[in-house]
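S.K.: Below is a structure I'd like to ask you about.
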Amino acid sequence: MGKVMDKDLITLIGASQTIILFLILSMPLKDVYAEEVKAGIWLVNVDRFDTSTGSYNVDFYIWFRWDANGESEKPINFEFANGRAASIDIVRQSDGYYEARVRGTFIKKLDFTNYPFDEHTLTIEVEDKVKSIDDLIFVVDDASGVDEDLSIPGWYMKSWSIGVSEHRYPDATYSRLVFSFTLARYTLSTVLKSILPIAVISTIALLTFFIAPKNFAQRIGIGVTTLLAGVAAHLNLTNQLPQIGYLTFADKIMIIAYSIFLYGLITTTLVIRALDKEKGEYANYINKRALELVPVIVGILATLLFLGLDLTIIG
């Protein structure tokens with residue numbers, strides 16, 4: 001009797017396990033696995049890249065491919081994490097495919113440490129509005145790219161890439177499609193427009209050391225004029241930048257230039273004092289020694305500013 005009951009119990013347990021296994025296997029896969037959506041971006045144009053605000057207007061195509069056999073006709077309801085679309089024009093929409101042309105304004109925090117030789121990596125970041133990573137995962141479409149006719153005044157496209165990342169919020173994690181492209185300034189144009197004027201002004205300031213000490217009026221005139229010209233050049237160089245709390249490459253160059261201007265005026269002042277005491281030979285000595293110290297002063301400042309000194313502006 002007991003053996004019969006044990007046999008019936010084993011049969012009942014086996015049947016229960018079979019039913020549970022059948023129910024698990026019959027569950028829709030989308031309830032177990034996140035749905036994969038292949039996504040791509042084709043960048044058409046970039047304009048109005050405003051470095052003072054970190055904003056840029058982009059024109060691009062975006063598309064999504066998914067398994068049309070699933071229950072969801074359109075699994076993606078996308079939005080942009082770092083910008084806003086001004087217009088979204090649907091190009092094609094069918095089972096398993098959606099494509100649109102988007103024009104919008106995006107924002108990115110920029111780093112101006114190397115300005116005016118700076119380069120900036122800008123992004124287009126796409127997320128689903130509702131579905132977290134448990135329900136939807138982006139997969140990169142290798143057909144993504146950049147239009148060969150893309151032209152950005154003052155900049156050139158250095159590189160681009162597309163990838164998928166995970167972005168965490170307090171309540172959930174979302175799959176994020178990130179299209180990145182790096183813009184850089186033209187080196188020769190930057191040197192001619194930004195660095196060369198400062199170099200010329202600084203060279204003129206150094207010419208005061210080759211003027212006889214007795215002609216101190218001309219020396220003062222050159223020193224003051226070059227200082228004013230340097231300030232104007234500096235303001236023109238930095239008027240494209242926002243308020244930042246660190247020194248740029250241009251700021252460091254200007255600190256060296258200002259030091260040359262000030263050093264020249266101080267030397268002229270010492271020369272005038274020597275001449276007032278009728279010490280012409282001593283004035284010539286001061287001028288000669290001051291000229292010899294110029295490379296030393298410039299070298300020390302350059303070392304401190306570019307290698308060893310981290311200056312952060314507070315306030």
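S.K.: Which residue, of Ala199, Ala257, Ala283, Ala233, is touching a helix residue (DSSP H, G or I) at 6+ places or on another chain (Cβ under 9 Å) and more than 30 Å from Tyr115 (Cβ to Cβ)?
M.R.: Ala283
S.K.: Name every residue in region 262-280 that is under 14 Å from Gly221 (Cβ atoms) and not β-branched (Val, Ile, Thr), in order of residue number.
M.R.: Gly264, Leu265
S.K.: May I pose another question? Does any residue in region 95-111 that is within 14 Å of Phe49 (Cα to Cα) come within less than 9 Å, Cβ to Cβ, of a residue that is basic (Lys, Arg) six or more places away or on a different chain, and which pairs are these?
M.R.: Gly104/Arg84; Thr105/Arg48; Thr105/Arg84; Phe106/Arg84
S.K.: Also, I was wondering about something else. Mind listing just one residue for me: the one in region 34-69 that is buried (at least 16 other Cβ atoms within 10 Å of the Cβ) and of a type in the set (D, E, K, R) and, of those, farthest from Leu241 (Cα to Cα)?
M.R.: Glu35
S.K.: Moving to a separate point now. Quick one: which of Phe179, Phe138 is within 18 Å of Phe49 (Cβ to Cβ), of a type in the set (A, V, I, L, M, F, W, C) and either in contact (Cβ under 8 Å) with a residue 12 or more places away in the chain or surrounded by 14 or more Cβ atoms within 10 Å (Cβ to Cβ) (or both)? It would help to see each step written out before you state the result.
M.R.: Working: Phe138 fails: within 18 Å of Phe49 (Cβ to Cβ).
Among Phe179, Phe138, only Phe179 is within 18 Å of Phe49 (Cβ to Cβ), of a type in the set (A, V, I, L, M, F, W, C) and either in contact (Cβ under 8 Å) with a residue 12 or more places away in the chain or surrounded by 14 or more Cβ atoms within 10 Å (Cβ to Cβ) (or both).
S.K.: Quick one: Glu278 ticks every box in (1) more than 30 Å from Arg48 (Cβ to Cβ); (2) part of a helix (DSSP H, G or I) except a single one, so which number is it?
M.R.: Result: Glu278 fails condition (2) only.
S.K.: Can you tell me which residues in region 87-109 are within 26 Å of the chain's Cα centre (by Cα), loosely packed, with under 11 Cβ neighbours inside 10 Å and part of a strand (DSSP E or B)?
M.R.: Of everything in region 87-109, just one residue is within 26 Å of the chain's Cα centre (by Cα), loosely packed, with under 11 Cβ neighbours inside 10 Å and part of a strand (DSSP E or B), namely Ser87.
S.K.: If you don't mind, there's one more thing I want to ask. Does at least one position in region 265-277 carry a residue that is buried (at least 16 other Cβ atoms within 10 Å of the Cβ), under 19 Å from Val200 (Cβ atoms) and free of Cβ contacts under 8 Å to residues at least 40 places away in the same chain?
M.R.: no
FYI, it's all coordinate maths here, none of it is from the lab. Not measured: the values here are computed from a predicted model. All Cβ positions, even for glycine, are placed from backbone atoms using ideal geometry, and neighbour counts span all protein chains on display.
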